[in-house]
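Colleague: Below you will find the structure I want to go over with you.
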Amino acid sequence: MNKQTIESLDPRISRAQLPTEVDHIPQYEVLDQFVTYEVFQQQKSGGHFIHVGSVHAPNEEIALLFAKEQYGRRGKSVGMWIAPTNAIVSIPEEDVDMFDATPEKKYREVGAYMVRNRVEQYKKDNRNE
Amino acid sequence: MYGNISIVDQAIGKKNAQEDPEKLAAFQAKIDRGEKIEPHDWMPADYRRQLIRMIEQHAHSEIIGALPEGTWITRAPGFKRKMALMAKVQDEVGHAQLLYNAAETLGKPREEMINDLLTGKSKYSNVFNYPAKTWADTAVIAWLIDAAAIINQVTNSKGSYAPYCRALERICQEESFHLKYGYDNVVTLATGTPTQRAMVQEALNRWWRPIMHFFGPPDIASVHSEILTRWKVKMASNDDMRQQFFNQYVPKIWELGLTVPDPELRKDEVTGKWSYGDPDWDEFKRVINGDGPCNKERLAVRRMAEINGEWVRNALKKPTAKYTVPLS
Amino acid sequence: MNKEALKNLLYRMADDSLIIAHRNSEWTGLGPILEEDIAFSSIAQDKLGHALALYSLLHELGEADPDIIAFTRNEKQFFCAQLVEYPIGEYDFSLVRHFLFDTAEKIRYELLQQSSYEPLAKLAKKVSSEIKYHTFHAETWIKQLGSNGNEESKARIQSALNDVYPIAFSLFEKTSFEDAIVADGIFVGEETLQLRWVERVTSIVTASGLTLPSADYSVHYGGRNHYHTEYLQPLLDEMTVVFQIDPSAEW
């Protein structure tokens, strides 16, 4: 008995001779996705490596192969890192308020060292003497 | 590309009542301050569920969206078009990858999402259930469907869930290439030979209704949509986005001397609002429920791709490898 | 320099690139894993770019515009090797063909960096970085699905190698211009290329726990002299169907 196949406008699909009625719907096992790697891209020489996303791959070599095209196919890249996602350590969400504990630490910012006015004042005062 | 899909989930208001009121208030306050939610932040169960559903449908729409234009990948006329179409279809696959990752950060693995796509349990944008009959259809899709998608995605990129916003930002950058390519393609046909011009007009006629459906039916005010708006999951009403589309693109269609198959379409110069004819919302519902011209084929093709790739994936599986949820 | 000989070489290379690009692009959107779909599509796009660059060199030598050359000839006017004409088959076939083809491309372009025809030598340098990714991609997969894979993948890749390896020698079929090409220093010749290719392919295949079948070199010859498989003309008919609506129009 001949099964009916899909006549598609897409010649690629017509060639595949897909049956119009499905007898098998593929289903994956959950957590079937290899390892997850995070991808860091450097866009210009000397620039920071910036996190741009992730890829699923069975090992580092394939992860690099995938990351290069998924994240580097547009624009310029001069470097790329990958790291297994589970190697990334972050400050737990409940502890991010640690950042709030130091709201006023002007002494380590440039804004705290504006002495130009003082110099001008000094020059003015001394000229007047 | 993407379109608003019916994301209605009526249970949403009830579930909310079970959340810790203090946490819920802090969550809302954070969103109100314009801050974004990261994967490991506390979030209401309904927020998580709604986002998974939305991002997942978006991802499916990208991967299925590769098919109508893919129809012409072996027939694109000339080097420039052939390369650009390949790059565009490739981008759609790339967008699916980014979006599946974003949805995964909420706890649903890619495989589970693909399973749900293949069984028909989860949906994708209706517009991809229509056929690309001629080369000109790909031009109209690349210009106007991508234009509609950009309106939708730029709006959503201002939402509250950080991984989705980040994915959308990148996607929008790439889509702007699609839009330019599509416009260039439409202009070339519209200003070309009489045959080319007829081709593009016919394609526009075919795609107009699906484009109207793309943004979804006019929203009905509900508790549900009110909460989603407050959570910055839904960022604009379907009609607002449709109006924006009219404003930006109808004049561009008309200046090419092309027409839109809707005699009622006009702009009220006083209110600035466009009125349009009923695009047959019953058809929209029929297609969502599986009865569109290409629903069967699209799913069959996706299943074929998965079946054909099964041996590759099986060969790569390592018993020691352990899946991890993407970072962000 | 023998201009006809030069053009003959350029046509062979350009047609190979065009047809393999076309074949590989058939996977775009239908590949086995999302990330791999993207990678394989990029390679196809690169190949199309190489074809365009080579047709542009021909155009500078007085041949027609690249679109006209690519989209209006019939099979009897094509110079591609039979290897690139075959349908994509399953992914094992496409991967193995990609591996065998790109290994040859890499060596060919390395050798062409010394070409006496300056524009070709320049192009050879320019494409080398792209081709590096292509062979990295191909070799990684052969290894992963070979010695690092499972029984099924090993059997599939081995079987594809058995089928494709003999056909791959069609790449090195000489034409009547071979002596002139070598004498003028345009290219060191197909024989040198084939020797190096066999060496490289053998080492990767062996390292991947696979074996090469014996091959009768000449069985699949013909393409360089316009004798093609039954698959080329239908491919061309499909590829050019829109362009042929009006070849004088701008698309």
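Colleague: Just to be sure I understand: with springs between alpha-carbon atoms less than 10 Å apart, which residue in B:A96, B:A162, B:A136 has the highest mean-square fluctuation in the Gaussian network model of chain B?
Modeller: B:A162
Colleague: How much length, in nm to one decimal, is gained on full extension between A:M80 and A:N117, taken as 0.36 nm per residue of separation minus their Cα-Cα distance?
Modeller: That pair, A:M80 and A:N117, stretches by 8.7 nm at full extension.
Colleague: Highest GNM mean-square fluctuation, chain A, Cα pairs closer than 10 Å: which of A:K106, A:K44, A:K76?
Modeller: Checking each option, the largest mean-square fluctuation is seen for A:K106.
Colleague: Given labels modelled 7 Å from the Cα in the Cβ direction, how far is it in nm from C:R200 to C:K125?
Modeller: Going by the 7 Å Cα→Cβ label model, 1.9 nm.
Colleague: Still on this structure: Whole-Å semi-axes of the stretch B:12-316's equivalent ellipsoid, largest first, each the root of 5 times a Cα gyration tensor eigenvalue?
Modeller: Rounded to whole Å, the semi-axes are 33, 25, 17.
Colleague: Additional query: Kirkwood hydrodynamic radius (Cα pairs, Å) of the protein assembly as shown?
Modeller: 27.8
Colleague: Measure nothing but the geometry: give the 0 to 90° angle between the long axis through the Cα atoms of B:146-156 and the longest principal axis through the Cα atoms of chain B, rounded to 10°.
Modeller: 20
Colleague: Would you kindly give the portion of the calculated P(r) for the stretch A:32-128 that falls above 17 Å, as a percent of all Cα pairs?
Modeller: Value for the stretch A:32-128: 68 percent of Cα pairs lie more than 17 Å apart.
Colleague: Below 8 Å, C-alpha to C-alpha, sequence gap of six or more: please give me the relative contact order for chain B in percent.
Modeller: Relative CO of chain B lands at 23 percent.
Colleague: Taking chain B as the reference, fit the longest principal axis to its C-alpha atoms, fit the long axis of helix B:162-190 to the helix C-alpha atoms, and give the angle between the two in degrees, 0 to 90, nearest 10.
Modeller: 10
Colleague: Enumerate the aspartates and glutamates that C:K126 could reach by cross-link, defined here as Cα to Cα under 15 Å, with residues fewer than 8 away along the same chain left out.
Modeller: Of all the aspartates and glutamates, those that pass the test against C:K126 - Cα under 15 Å, at least 8 places apart if same chain - are C:D46, C:E105, C:E110, C:E118.
Colleague: Between B:V186, B:V301, B:V270, which gets the highest mean-square fluctuation from a Gaussian network model of chain B, Cα cutoff 10 Å?
Modeller: Its mean-square fluctuation being the largest, the pick is B:V270.
Colleague: Find which of A:Y113, B:P326, B:A203 sits farthest along the positive direction of the dipole of the protein assembly as shown, computed with +1 on the beta-carbon of Lys and Arg, -1 on that of Asp and Glu, about the Cα centre.
Modeller: A:Y113
Colleague: Once the cut-off is 28 Å, how many percent of the Cα-Cα pairs in chain C end up in the long-distance tail?
Modeller: 30
Colleague: Ok, one more. To make sure I understand the rule: partners must be aspartates and glutamates, Cα under 17 Å from the Cα of B:K322, and not fewer than 8 residues away in the same chain. Which ones qualify?
Modeller: Within the straight-line limit of under 17 Å, B:K322 reaches these aspartates and glutamates: A:E29, A:D32, A:E38, A:E60, A:E61, B:E104, B:E111, B:E112.
Colleague: Then there is this: Rounding to the nearest 10 and keeping the result within 0 to 90°, find how far the Cα-based axis of helix B:295-316 lies from the longest principal axis of chain B.
Modeller: Approximately 60 degrees, to the nearest 10.
Colleague: Choose one of B:C165, B:N185, B:V312: the residue whose Cα lies farthest towards the positive end of the charge dipole of the stretch B:12-316 (beta-carbon charges +1 Lys, Arg; -1 Asp, Glu; about the Cα centre).
Modeller: B:V312
Colleague: Under 20 Å from a point 7 Å along the Cα-to-Cβ line of B:H40: which residues of the stretch B:105-148 have their amide N that close?
Modeller: Output list for this probe position: B:105-109.
Colleague: Also, quick follow-up: What are the GluC sites (Glu not before Pro) within the stretch B:199-305 that DSSP puts in a loop, where the Cβ has at most 14 other Cβ atoms within 10 Å?
Modeller: Qualifying residues, ordered by number: B:E264, B:E269.
Colleague: About the Cα centre of the stretch A:32-128, what is the dipole size in debye to 20, counting +1 per Lys and Arg Cβ and -1 per Asp and Glu Cβ, all else neutral?
Modeller: For this selection, approximately 1200 debye.
Colleague: Further, regarding this structure: What size of dipole, in debye to the nearest 20, comes out for chain B about its Cα centre when the only charges are +1 on Lys and Arg C-beta atoms and -1 on Asp and Glu C-beta atoms?
Modeller: Rounded to the nearest 20 debye, it is 820 debye.
Colleague: While we're here: With a point put 7 Å past each Cα toward its Cβ, work out how far A:N126 is from C:E110 in nm, to one decimal.
Modeller: Going by the 7 Å Cα→Cβ label model, 7.0 nm.
Colleague: Further question: Is it possible to state the helix-based mean residue ellipticity at 222 nm for chain C, with each DSSP H run of 4+ residues giving -39500 (n - 2.57), the sum divided by total residues, to the nearest 500 deg cm²/dmol? What is it?
Modeller: Calculated from helices alone, the mean residue ellipticity at 222 nm is -21000 deg cm²/dmol.
Colleague: Report the charge-dipole magnitude of the protein assembly as shown in Debye, nearest 20, computed about the Cα centre from +1 at each Lys and Arg Cβ and -1 at each Asp and Glu Cβ.
Modeller: I would put it at about 1360 debye.
Colleague: Given R₀ = 30 Å, what would the calculated FRET efficiency be for A:I25 paired with B:R266, taking r from the Cβ atoms and rounding to 0.05?
Modeller: Step by step, r from the Cβ atoms, then E = 0.05.
Colleague: What distance in nm lies between label points placed 7 Å from Cα along the C-beta direction at B:K180 and A:Q17?
Modeller: In this crude label model, B:K180 to A:Q17 measures out at 4.4 nm.
Colleague: I want to make sure I understand the PRE zone here: with the label point 7 angstrom from the Cα of A:T5 toward its beta carbon, which residues in the stretch C:77-99 have backbone N atoms less than 11 Å away?
Modeller: none
The numbers here are math on the coordinates, done by the rules we state, and not lab data. Since the structure is predicted, the reported quantities are computational estimates derived from the model, not experimental observations. Neighbour counts are summed over all protein chains in view; Cβ atoms, including those assigned to glycine, are modelled from backbone coordinates with ideal geometry.
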